[in-house]
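Written below as structure tokens is the structure these notes are about.
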Amino acid sequence: NSTLPAVAEELLREIRKAFQERSHVPDDLLLGLKFIFGPSAVPALDLVDQRSVTRLRSPSGRTLYQVLGSSGKLYTCYSSCHFCTCPAFGFSVLQKSESLLCKHILAVYLSQAMGACQELSVSEEQLTNILLAEEEDEG
Amino acid sequence: LCRGGLAERLCRLQNRERSAISFWRHQCISDDKTPSDKSGVLIVKILEIFEECTIQVAICQQLEQSPVTLSPEDAVINAEEPILKVLFTRETAAHLKSRPQDVIHIYPPWQKLLLQNADVPVIMNTYFSQKVLLSEHSEAREKTYGLTKMLIRKNIISLAQTFRLDDLDDKLHQEPSDNQVACVSQIHNNSDSKQHPLALNAVNDSLLEMVESQGAVGWREVQVRVVIQRVYCLPAREGYRSHTQGNKPLCATPVTNSDPPNVRLCLLVQDAYGMFSEVQLQSLSSTDDFEQYCRRWEGKSCCLAGMKILQRTTRGRALGLFSLIDSLWPPVVPPKVPGQSQDSEMMTTNLPPPSFCYILTVQSGEIHVEVDEEEQISNLYQPPAVHGLKEILRVDGCNKRCSFWAQVLYRRLQTKHNVPIDQRDILLFVTDSTLQNMGHGIPKVVAVSVSASCVLSKEIREALSAGSRLVFFKDALWGNGRIICVERTVLLLQKPLLCLAAGADLSELTGPVRLDELDSTTQANSVCALRGTVVGVNESTAFSWPTCDRCGNGKLELCPQDRELLYCNQCSEVVTTPVLKMQLEVFLSCPSRSQSTVKVKVWHEISIALFVLLTTLLFLQTYEVQSVLGKEVGLLNCYVHSVTSHPNCVVLEEIVLL
């Protein structure tokens, strides 16, 4: 049974609670982010500061996240599992199992916790195209 | 980084922390003793170590705690050999080189995190950790251990394990924030919210059940959910009324042009069991709205309530209606069978098409049709299958509905003068890229006859007379080598949004349009192109007349003020420079149809070469026939009036293509 995901989840929940109650994230939670997520923490927070995370929702209720990376590239993060189309995810998470998440997925969670997600409604077709486009890139 | 943002804050905190860590480590090394301040130090003994990502997780036993931080709860925990999960970063772990049974001192600031469903607390931020060597032997052991690498189990974390940030009591989705863009409503059947105010019962999905249970009296309470397969207009005829009004005859009487067009908006609907019904709605005062209805309603689901049954018609009695129904058979989704559960494996190709259909109408005064315009297109909808004309001409059988997108080249009105213009049959000559680019054996242009029963909107009528237009012919009838537009055929100017373009090319024609050349197969009431040599002139048919140079009006009058000037009453102005039009019948010898006498009525405006000839003929009054004879006449586009075999003669008229 794994420990780290539960820890990460609890940390993010604490951040959410703190933000909801006081609209402020205390220092110790920020340092906790650094401890658990390492080098992804600061870049992820930067993405949140820049409001880079958008949640796409289609009429059937399906959701998807798109994060505007620092290079201007748009990365797609899934809702149902931890997956991101960025190269760091492929390398650090999938290949090396060195990280739980990449900075984009962390940014998604932090944006959720602090209500910083942009919301966008799209059609089923548009959502499908975004998902398929990712496939083509990797293919 | 954003000024004042979270990232900047963490950066500052992190830098401070890093300085503190390096300072502390340096202090440990240089002093070679543990720091004196014991307050808040966590002392743990490692029981088990494993790795998750780059974090080292140590299951530890807490040995004792500094008196300062001892609390009543801690005392209890201590007595029962408390277990802790201590996390170390990769760097700290590398520094510690911990093994099971090692004792570690963890100096503040460390953090304790209590997980929701776990009893074991987690210790984080363990940068200030130090291994404690308890005895001399340990030190030696440490040195030997340092040489052998310890294998630490690494847990691979599943990606499927996502984090739930909200509490179980909270709703799944957050409240919409201010920057939310317009939300699309759900698409599934939410008929509860859209039910007709009169209807209180649940929505049914069988037309037949409704009809059979309620009889012809009409029903108000129950609603039937159907899909609108087609929207069209029918001319309102007396015959469709359920009773006669006084002495009015039952046959169709032509309506004079001044009255608004007497047409009724109709829907061809289909229920989930595959049954069709034609619903006649209100009379339309003008056909302008029709295209709107078509676009907004076709393909959508709707609820019918309070319909009155006009008649139950059968295949033999309503060929037109059933040819349309046949074009929608078999249905795209296997129809439900009453009493059986939905079986998606069922083959639809063997199902026989329906043999009867109910014609319904609305009770007077009330609209009982609720169309879910906002919803998506129903999956039961069968859009018209658009084909190229070449394919349509090859179809076997007759009375088949076909849809195509074609360019109208020439229009000819039926010449019955006692019938008003909008009641006359129209003959259109159309083509598309599938016909134009083909070789021999396939005609380049095909005639489409539009009968008076096919309702045309004012927009279409104007477009057809004005210029060459691309027109979408929806559900025209093909049979016996002819395409006709009848009742239920719809002509639209817009390209079909939803259609099964089975290899049809909806693009514009490139290059000039070509007609078939006159030959032995040319028939009457067609168009063709011809070339030949003038072999004779029918002088008795020659005449000229002035036309208005602004509007082309051929009926100019003499000006009342000055009898020498011409006046155009359409422009309401004097015509100072009239255009002279001339007409003449010439006999040509055409190599493509050498056996026939070809008589062509030609117009001066088109054939410039002939104009010169005609001027010579008419103004000089004397001529030599020889000077005209033998002149070559270039490719003329003509309409074929008649073709006779005895005598072998073709009579044509030069035309201008739209």
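The values are calculated or read from the model by the stated rules, or taken from the named source; none is laboratory data. If you're wondering where the values come from, they're calculated on a predicted model, not measured in any experiment. All Cβ positions, even for glycine, are placed from backbone atoms using ideal geometry, and neighbour counts span all protein chains on display. Note: accessible area is taken over every heavy atom of the protein model, side chains too, but ligands, DNA and RNA are not part of it. Shrake-Rupley method; radii C 1.70, N 1.55, O 1.52, S 1.80 Å.
Tabulated data
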{"read-out": "Mean accessible surface per residue for the stretch A:6-131, computed with a 1.4 Å probe while every protein chain stays in place, in Å²", "value": "39"}
{"read-out": "Accessible area (Å², 1.4 Å probe, nearest 10) - B:M438", "value": "60"}
{"read-out": "Accessible area (Å², 1.4 Å probe, nearest 10) - A:H24", "value": "80"}
{"read-out": "Cα-centre dipole for the stretch B:508-576 with unit charges at Cβ (Lys and Arg positive, Asp and Glu negative), debye to 20", "value": "40"}
{"read-out": "Positive-end extreme of charge dipole, the stretch B:389-492 - chosen from B:G481, B:S433, B:A463 (charges on Cβ)", "value": "B:G481"}
{"read-out": "Within the stretch A:6-131: Cβ-based charge dipole about Cα centre, in debye rounded to nearest 20 (Lys, Arg +1; Asp, Glu -1)", "value": "140"}
{"read-out": "Heavy-atom accessible area order for B:R315, B:R295, B:R424, largest first, 1.4 Å probe", "value": "B:R295, B:R315, B:R424"}
{"read-out": "Added length on full extension, which subtracts the Cα-Cα distance from 0.36 nm per residue, B:R12 to B:I156", "value": "48.6 nm"}
{"read-out": "Above-threshold pairs, the threshold being 19 Å between Cα atoms, out of A:K96/B:K97; B:K85/B:K131; A:K17/B:K112; B:K581/B:K601; B:K97/B:K131; B:K444/B:K581", "value": "A:K96/B:K97; B:K444/B:K581"}
{"read-out": "In Å², nearest 10: area of B:R99 left accessible to a 1.4 Å probe", "value": "30"}
{"read-out": "When each of B:K390/B:K458; B:K599/B:K631; B:K400/B:K474 is checked by Cα-Cα distance, pairs over 18 Å", "value": "B:K390/B:K458"}
{"read-out": "Potential lengthening between B:L657 and B:Q583 on full extension [0.36 nm per residue; Cα-Cα distance subtracted]", "value": "24.9 nm"}
{"read-out": "Per DSSP, loop trypsin sites (Lys or Arg not before Pro) in the stretch A:34-107 with at most 11 further Cβ within 10 Å", "value": "A:K73, A:K96"}
{"read-out": "10 Å Cβ neighbours from other chains, averaged over peptide A:7-20", "value": "4"}
{"read-out": "Cα-projected label distance for A:K73 with B:E539, points at 7 Å along beta-carbon direction, nm", "value": "8.9"}
{"read-out": "By accessible area with a 1.4 Å probe, ligands and nucleic acids excluded, highest first: order of B:W478, B:W110", "value": "B:W110, B:W478"}
{"read-out": "Loss of accessible area when A meets B, both sides summed, Å² nearest 100, probe 1.4 Å", "value": "5100"}
